[in-house]
Amino acid sequence: MMRAAWSVPSNIAEACGRGTVGEFQQFIRYARGSAHELRSQLQMTHLLEPSHGAKIRGLESRVTLVIKLLNRLHDHPPRVRD
């Protein structure tokens with residue numbers, strides 16, 4: 001889970017360092033994939049550790065929000081500055 005969690009901001013940072021919109025979007029897709037991976041791992045953890053349900057559901061909600069924000073960023077990338 002830690003690897004998937006760290007991968008999200010790392011890929012966003014790499015996206016910001018790319019020169020074209022296409023490259024930017026590719027790394028946003030990588031970040032989104034890692035966020036989906038993290039959310040599925042949280043869901044599995046919830047099944048295995050139901051005593052931590054409230055905490056895990058809160059984390060799942062945050063990851064879902066991140067995925068929505070990444071979708072928006074992918075669909076509406078920032079303008080390329082000259």
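What span do the alpha-carbon atoms of the chain cover on each of the three principal axes, reported in whole Å from largest to smallest?
Cα extents, longest axis first: 53, 20, 13 Å.
How big is the charge dipole of the range 2-75 about its Cα centre, in debye rounded to the nearest 20, if each Lys and Arg gets +1 on its Cβ and each Asp and Glu gets -1 on its Cβ?
Here the size comes out at about 160 debye.
Bear in mind that the values in this text are calculations on the coordinates, not laboratory data. Predicted model, so just to flag it, every value in this text is computed and none were measured. Counting neighbours? That spans all protein chains shown, and the Cβs are built from the backbone with ideal geometry, glycine included.
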